[in-house]
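Structure first, commentary second.
The values are calculated or read from the model by the stated rules, or taken from the named source; none is laboratory data. In this text the structure is predicted, and so the values were computed from the model without any measurement. Here the Cβ positions follow ideal geometry from the backbone for every residue, glycine too, while neighbour counts run over all protein chains shown. Heads up: the accessible areas ignore ligands, DNA and RNA and are worked out on the full protein's heavy atoms, side chains in. Shrake-Rupley method; radii C 1.70, N 1.55, O 1.52, S 1.80 Å.
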Amino acid sequence: MQRIALVAAFVATAGAGLCTRQPVRSRHAMVATREAHATDIGLAVLESGGNAIDAAVAVAFALAVTHPAAGNIGGGGFLLARFADGRSTFIDFRERAPAAASRNMYLGPDGKPTSDSVEGYRASGVPGTVRGLELAHEKYGRKSWADLLDPAVRLAADGFPVSYGLAHSLRSQSTSARLARFAESKRIFLKDGKFYDAGEPLVQPELARTLERIRDRGAKDFYEGETAKLLAADLQAHGGLITLDDLKNYRAIERTPLTGSYRGYTVITAPPPSSGGVGILQMLGVLEGSGYEKSGFGSADELHFLAETMRRYFADRSEYMGDPDFYHVPVAGLLNPHYIEERRRSIDREHATSSATLRPGKLETFESSDTTHYSIVDAEGNAVAVTYTLNNSFGSAVTAAKLGFLLNDEMDDFAAKPGEPNLFGLIQGEANAIQPRKTPLSSMTPTIVLRDGKLYLVVGSPGGPTIINTVFEVLVNVIDFGMNIADAVDAPRLHHQWMPDVLRMERGFSPDTVALLKARGHAVELEDHQGEVAAIRVQDGWLEGDADPRTEGTARGY
Ligand code: GLY
């Protein structure tokens, strides 16, 4: 309550620059990540002459050691960069379905989805992280590959003190039960069932050797060399689908980012196979000109309008979003101003729309889905936003034998059975059905915003489908409610994804507001925590950084 009151006070006096919490500020460069060692490593790269891409590569490998729930070399993700000279790029290193994958591979004899897509050797897509980082480094990096890998090798070989949060999460019933089913995972991450205490060192010699090989031989080792052979052999021995050929054939794809505008700001964001960028742009389009913000941040009117906007996009997402290399994603139709206007007009300002009655919209034109995010700005003004993941926390819970890294369960981001919910309760359609070599739909939404053509904001979050709404809310908190980046990240969040027809709200909202939303027909469920934002804003010649106080993340600059 106290915090809400303070936020409200800030909104009322935004022009005076009042705020409830100060972000980290620096003059030249900033790194914001989910884990302190990784932040320090990224900053050291920048301070020693590396650019933002170099720092992004070093941070990714460091997080693969220190943040095993989501940092990875056994998963995939997206890297969005906007360079100081105005160019931008998007590197898609998302996992791909193995060649042996098939449409009904996760359906049991009763025709219902099984848990094979979320746990065990059959849950993994072909990992893309190492290839994607190499591509980014080869095209845009400056420092030597070995220099960027070295800090991660040392962290794995020498160990690092387990943080309170990591110790807590490894002991939690949900995580420990999953990891204990797989001998390597139990040995490495659960200390064979004895568990790590906060402050105890976690030493990962197998992972150190894997990272050494990648350092010395490049991504080729992971996809064709010793690591590839060990990985394929382990997966094949346990009924997994990924073969040496799948690894050899993996390619990261450089794509054109999606760009749109909102109230004069330029929004550069994630294209398909992310569903996030289209979502952000469609939802901002629905808000623009609606006057929704006039009732003030945190008011029932404002939150109702946001929830209805989210509900509508997620209905569209269920129908239209998939891998653009396999399915014609109607991006222009989903962002068509007439269509957006129609979606806006369909919002009843007083009553919740029942999701059962709301269908994906009819598009005018079909033109001729635990993760971690970090944000970096270097002293030249290059900006990088990376979201990468194993999908579920600790992925499939399988640690590859002799290799020391966890594998993803990204296959669950496909529609195992179009029309049935996945791990996140999300319903998806034919566009995202399983096919060999296809990319599962993602919600990861690394996003960069420009003001007057200059870098303004770098932002992203983990959280499955909540990512899209989390990023959306941080954007409007800054742009529409004048918050500094710390306040924009702190502010309580909500999430609606059409189906299930539930409005999830963090506990920071006023109970009176929650009651008003229930009276409008929203099925509200309160939750502790939505997303983990790492963001940087450029303001008045300063870089403002924030790693979400919901986490142990840090932001540091110089
Ligand atoms: N695995 C979460 C996402 O890509 O959306």
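Using θ = phi - 60° and the Karplus curve 6.51 cos²θ - 1.76 cosθ + 1.60, what whole-Hz ³J(HN,Hα) does each residue of region 68-77 get, with Gly and Pro shown as x?
x, 5, 9, x, 6, 10, x, x, x, x
For the chain, what does -39500 (n - 2.57) per DSSP helix run (n ≥ 4), summed and divided by total residues, give at 222 nm, in deg cm²/dmol to the nearest 500?
One gets -10500 deg cm²/dmol as the mean residue ellipticity at 222 nm.
Which order do Lys438, Lys518, Lys194 take when ranked by solvent-accessible area (1.4 Å probe, heavy atoms of all protein chains), largest first?
Heavy-atom accessible area, descending, gives Lys194, Lys518, Lys438.
Using the per-residue mean of other Cβ atoms lying within 10 Å as a proxy for protection, in what order, highest first, do the peptides 26-35, 256-265 fall?
Packing order, densest peptide first, comes out as 26-35, 256-265.
Distance from the Cα centre of region 36-65 to that of region 502-535, in angstrom?
Each part's Cα centre sits 35 Å from the other's.
Ranked by accessible surface with a 1.4 Å probe, highest first, in what order do Arg122, Arg345 come?
Arg345, Arg122
Under 5 Å between amide H atoms, partner at least 5 residues away or on a different chain: which partners does Ala433 have, H built in plane at 1.01 Å?
Counting only residues 5 or more places away or on other chains, the set is Ala415.
Return the carbon/sulfur percentage of the accessible area of region 233-356, one whole number, probe 1.4 Å, all protein chains in place.
Answer for region 233-356 is 48 percent, counting heavy atoms of protein chains only.
With every protein chain left in place, what is the accessible area per residue of the chain in square angstrom, probe 1.4 Å?
Averaged over the residues of the chain, the accessible area is 34 Å².
Provide the solvent-accessible area of Lys143, counting protein heavy atoms only and rolling a 1.4 Å probe, rounded to the nearest 10 Å².
50
Ranking request for peptides 36-44, 67-75: highest mean number of other beta-carbon atoms within 10 Å first, then the rest in descending order.
Going by the mean number of other Cβ atoms within 10 Å, highest first, we get 67-75, 36-44.
How much of the accessible area of region 16-114, in percent, comes from carbon and sulfur atoms when a 1.4 Å probe is used?
52
Rounded to the nearest 10 Å², what accessible area does Arg187 show when all protein chains are kept and the probe is 1.4 Å?
For Arg187, the solvent-accessible surface is approximately 90 Å².
Please report the accessible area of Phe405 (heavy atoms, 1.4 Å probe, ligands and nucleic acids excluded) in Å², nearest 10.
For Phe405, the solvent-accessible surface is approximately 10 Å².
Mind listing the phi-derived Karplus ³J(HN,Hα) values for region 107-115, rounded to whole Hz, using 6.51, -1.76 and 1.60 with θ = phi - 60°, and x for any glycine or proline?
9, x, x, 7, x, 9, x, 9, 8
For Asp158, Asp147, Asp546, give me the order by solvent-accessible area with a 1.4 Å probe, most accessible first, ignoring ligands, DNA and RNA.
Output order, biggest surface exposure first: Asp158, Asp147, Asp546.
From the phi angles alone, apply the Karplus equation (6.51, -1.76, 1.60; θ = phi - 60°) to region 208-221 and give each ³J(HN,Hα) in whole Hz, x where the residue is Gly or Pro.
4, 5, 4, 5, 4, 5, 5, 4, 7, 10, x, 4, 3, 5
For a protection proxy built on the mean count of beta-carbon atoms within 10 angstrom, sort 496-503, 113-120, 125-132 highest first, please.
Top of the packing list down: 125-132, 496-503, 113-120.
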